[in-house]
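J.: Mind having a look at this structure? Questions to follow.
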Amino acid sequence: MPPPLSSSHAPAHGYPSDSFLNRELALIAFNRRVLAQAEDAQIPLLERLFFLCIVSSNLDELFEIRVAGIKEQLKLGSMAITTDGKTASEVHLSVTAAARALVEEQYALLNDEILPQLAREGVHFLRRADWSEAQRAWVRAYFFREMMPVLTPIGVDPAHPFPRVLNKSLNFAVELEGKDAFGRNSGIAIVQAPRVLPRVIRLPAEVTPDCPYGFVFLSSILHSFVGELFSGMNVLGCYQFRVTRNSDLFVDEEEVKNLRTKIQVELPQRHFGDAVRLEVADNCSPAASRFLLAQFGLSEHELYRIPGPVNLVRLMQVPAWVDRPDLKFPSFTPGMPKSLRKASDIFSQIRMGDILLHHPYQSFLPVIDFLEQAVSDPQVVAIKMTVYRTGTDSVLMQSLLRAAQNGKEVTVIVELMARFDEEANIGWATRLEEVGAHVVYGVVGYKTHAKMLMVVRREDAPGGTILRRYVHLGTGNYHPRTARLYTDFGLLTCDEDIGADVTEVFQQLTGLGRVKPLQYLWQSPFSLHSNVIASIQKEIGMASEGKPARVIAKMNSLLEPGLIATLYEASQAGVRIDLIVRGVCALRPGVAGLSENIRVHSVIGRFLEHHRIFYFHAGGEEQVWLSSADWMERNFFRRIELAFPVLDKRLKKRVINEGLKMYLSDNQGTWEMDGNGHYTRKRKRRAHLRCAQEELIELLKAGSA
């Protein structure tokens, strides 16, 4: 779906367009900060390689979704402008130029620093020119044994049109001369690398006696032996290439009778969407480049000449293959809340008081145990859960399957439109239905992004029995793997009022009826936006009376114009505002007369900053909310999202300290943004060093007090 553009040149909420920054360029700026991690000599070498690969992965998604959407606007001839006052054409030119510069920096770092330093550490990516006789013999045998049987060279001629090329797949354009057995002379052929073949191959120790870890790229092997695929012809050139396509799955939900069936039909077509970027090896001939551009309907400025592998994402696996702890971040064991360290009954511990989990510094295991105990507990009568991203091998989903098989009432809200997880979610939905669980796909037109897990348990009480609701609410997905990589908060509670609110939200998602006001939770698309605005406006009122006023918010992205306008108003009223925005921020901080009381920070580190925290001074009451929602239009108005309060004073103090104060004191991983969208690293080498992520590891890891 194209990115939302304003329908006119009218300024958003009374502020001119130059009061806002461009979303796509902010994404490029974020990836520059990620690339800075790869440039940082203080970071272990294999981790630097990993950050380098993350940049490639992020750029892939930028082109697949954002740039693809802009091209759709261009195709439709749209004259609309973005919030920051740019046309789609201007954004497209700016983004492709900025992306090209970033890619050049990325590969210069790879070729000039990362690979040479890895080689000095015994991790070699061997070039064809450097193969020994023994290595060449092994590689040749590998080619004939593992590659040639599955390769299908396609000579492009009237009987063999240009093949369909999968999104982001590895391919080779081969320039030829001479005639084949049938007298044909097309001059060019295409070789597609099957997905079953690894892109990086480790050589055996017997042929790499001088280096502990020797790797070769699949592309190097094919380049060396491509002539074997074209017997009797002369290979003039062989060039790897990769095309990126529009991958935004668009389903007109209002016209669909069965959403799951429609998505299953549409998913295979994602691989063949309109082309948006072509990457070729930097030695690709001008003729071959022009030929490929013509095949994909792309212009010259959408061509990227790459001095190395055209897909660095494949190198993400290398750190796991190399057993060199000294070249990686120090390992640690996540901690466990004191109340759960020796307790066997998690329900009794929740009854004693709310439990706060801070991942990945604290283990995700309590969430798994919470559901697992519910599965086997005869007193549990019902389980309800939302699923956005959970993985193909989720232990949580396995527990839900067993719960349904055990006869418990299981209801699962599965978001089928979770981008790039649609196939996995369809698979889980099918398996859950097969064992009798109630599977619902939420509300048409609204993605269910809220993170809720509720267990209903029959318990003894004075005068009989009661049904008690135990709830887990979180800022991150129910995904054990990402819980080790993303920073998130989770809350386990049996508070009656919160349980009643969660029940109401589940009722909305599974049934029909008008919206009822919730007692504690803020919910999109109904009350979250208005309540955040109202809370900021209360701070404005405090400031106008000369009282302390403060807003601190942490999130992934800040884009919604109405909320940005309210923050500007608050700044002008004297409210002190700190925004910790990991990725995209359209607000311009520190601008005289507009936002001089606003500071914007971005923290990039070992873990992906993912939790959303909203703090309001509230006359000294200090209201703290945790949420699944970023401050974006989609989260406020086109998704089911929740924000939940931290009511326990002790836990509230923890969130303020661990989620906000420690980050505002960070002088190692923090970047500060200026009013033009430029970021400067807040790094002090001689002063007392403060790194929030490292301090949190020490504070919360297993064995800490």
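The values are calculated or read from the model by the stated rules, or taken from the named source; none is laboratory data. This one's a predicted model, so the numbers in the text were calculated from it and none came from an experiment. Cβ: placed from backbone, ideal geometry, glycine included. Neighbour counts: every protein chain shown. Please note that ligands, DNA and RNA were not included when accessible areas were found on the heavy atoms of the full protein model with its side chains. Shrake-Rupley method; radii C 1.70, N 1.55, O 1.52, S 1.80 Å.
J.: For residues that are hydrophobic (A, V, I, L, M, F, W, C) and touching a helix residue (DSSP H, G or I) at 6+ places or on another chain (Cβ under 9 Å), scanning just the stretch 457-474, find the one that is farthest from H610 (Cα to Cα).
T.: Only one residue fits best here, namely V471.
J.: Select, from I368, I346, I350, the only residue that is at pLDDT 95 or above and surrounded by fewer than 20 Cβ atoms within 10 Å (Cβ to Cβ).
T.: I368
J.: From (1) surrounded by fewer than 16 Cβ atoms within 10 Å (Cβ to Cβ); (2) farther than 20 Å from P307 by Cβ, pick out the condition that doesn't hold for A97.
T.: For A97, the failing item is (2).
J.: Moving on. Quick check: is even one residue across the stretch 118-136 in contact with a Ser or Thr (Cβ under 9 Å, 6 or more places away or on another chain), open to solvent by 50 Å² or more (accessible area, probe 1.4 Å), closer than 21 Å to D60 by Cα and at pLDDT below 95?
T.: Scanning the stretch 118-136 turns up no residue that is in contact with a Ser or Thr (Cβ under 9 Å, 6 or more places away or on another chain), open to solvent by 50 Å² or more (accessible area, probe 1.4 Å), closer than 21 Å to D60 by Cα and at pLDDT below 95.
J.: Is it the case that the stretch 431-454 has a residue that's out of contact with any helix residue (DSSP H, G or I) (no Cβ under 8 Å at 6 or more places or on another chain), part of a loop (DSSP other than H, G, I, E, B) and in contact (Cβ under 8 Å) with a residue 24 or more places away in the chain?
T.: Yes, the conditions are met somewhere in the stretch 431-454.
J.: Would you please list the contacts, defined by Cβ atoms under 8 Å and residues six or more apart or on different chains, that run from a residue in the stretch 301-323 that is farther than 13 Å from S289 by Cβ to a residue that is in a loop (DSSP other than H, G, I, E, B) and open to solvent by 30 Å² or more (accessible area, probe 1.4 Å)?
T.: P307/D282; N311/K168; P319/K328
J.: Which condition does G513 not pass, out of (1) assigned to a loop (DSSP other than H, G, I, E, B); (2) over 27 Å from E609 (Cβ atoms); (3) open to solvent by less than 30 Å² (accessible area, probe 1.4 Å), if it passes all the others?
T.: (3)
Residues are listed down the side, and each one gets a yes or a no for (1) touching a residue at least 12 places away in the same chain (Cβ under 8 Å); (2) open to solvent by 50 Å² or more (accessible area, probe 1.4 Å); (3) among the aliphatic types (A, V, I, L, M); (4) part of a loop (DSSP other than H, G, I, E, B):
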| site | (1), (2), (3), (4) |
| --- | --- |
| K653 | no, yes, no, no |
| N657 | no, yes, no, no |
| L660 | yes, no, yes, no |
| Y663 | yes, no, no, no |
| D666 | yes, no, no, yes |
| E672 | yes, yes, no, no |
| G677 | yes, no, no, yes |
| T680 | no, yes, no, no |
| R690 | yes, yes, no, yes |
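J.: Okay, next question. Filter the stretch 51-72 down to residues that are open to solvent by less than 10 Å² (accessible area, probe 1.4 Å) and of a type in the set (G, A, S) and give me whichever is nearest to A275 (Cα to Cα).
T.: A68
J.: I've got another one for you. Answer yes or no: is there a residue in the stretch 602-624 that is assigned to a loop (DSSP other than H, G, I, E, B), open to solvent by 10 Å² or more (accessible area, probe 1.4 Å) and free of Cβ contacts under 8 Å to residues at least 60 places away in the same chain.
T.: Yes; the residues of the stretch 602-624 include at least one that is assigned to a loop (DSSP other than H, G, I, E, B), open to solvent by 10 Å² or more (accessible area, probe 1.4 Å) and free of Cβ contacts under 8 Å to residues at least 60 places away in the same chain.
J.: List the residue pairs whose Cβ atoms are under 7 Å apart, where the first residue sits in the stretch 566-578 and is closer than 15 Å to A618 by Cα and of a type outside the set (A, V, I, L, M, F, W, C), the second is in a helix (DSSP H, G or I) and open to solvent by 10 Å² or more (accessible area, probe 1.4 Å), and the two are 6 or more positions apart or on different chains.
T.: G574/A543
J.: Here's something else I'd like to know. Can you confirm whether G69 is modelled with pLDDT under 95, in a loop (DSSP other than H, G, I, E, B) and over 18 Å from R314 (Cα atoms)?
T.: When the stated conditions are applied, G69 does not pass them.
J.: If we scan the stretch 538-547, do we find a residue that is open to solvent by less than 40 Å² (accessible area, probe 1.4 Å), outside any helix (DSSP H, G or I) and not hydroxyl-bearing (S, T, Y)?
T.: no
J.: Given the residues A424, A403, which is the only one that is buried (at least 24 other Cβ atoms within 10 Å of the Cβ) and assigned to a helix (DSSP H, G or I)?
T.: Among A424, A403, only A403 is buried (at least 24 other Cβ atoms within 10 Å of the Cβ) and assigned to a helix (DSSP H, G or I).
J.: Does I413 fit the bill of being in contact (Cβ under 8 Å) with a residue 40 or more places away in the chain, under 30 Å from E695 (Cβ atoms) and not basic (K, R)?
T.: Considered against the rule, which asks whether it is in contact (Cβ under 8 Å) with a residue 40 or more places away in the chain, under 30 Å from E695 (Cβ atoms) and not basic (K, R), I413 comes out as no.
J.: Just to verify a result, which residue in the stretch 631-647, among those that are part of a helix (DSSP H, G or I) and not charged (D, E, K, R), is surrounded by the fewest Cβ atoms within 10 Å (Cβ to Cβ)?
T.: Residue satisfying both the conditions and the ranking: F637.
J.: Say we look at the stretch 438-476 and pick out the residues that are aliphatic (A, V, I, L, M) and open to solvent by less than 10 Å² (accessible area, probe 1.4 Å); which of these is farthest from A629 (Cα to Cα)?
T.: The extreme case among them is V455.
J.: Being open to solvent by 40 Å² or more (accessible area, probe 1.4 Å) and in contact with a Lys or Arg (Cβ under 8 Å, 6 or more places away or on another chain) is true for just one of P325, P334, P360. Which residue is that?
T.: Exactly one residue qualifies, and that residue is P334.
J.: Give the residues of the stretch 88-144 that are touching a Leu at 6+ places or on another chain (Cβ under 8 Å) and free of Cβ contacts under 8 Å to residues at least 60 places away in the same chain, sorted by residue number.
T.: Passing the criteria: S89, H92.
J.: Identify the residue in the stretch 82-93 that is among the aliphatic types (A, V, I, L, M) and farther than 21 Å from G675 by Cα and, among all such residues, is surrounded by the fewest Cβ atoms within 10 Å (Cβ to Cβ).
T.: L93
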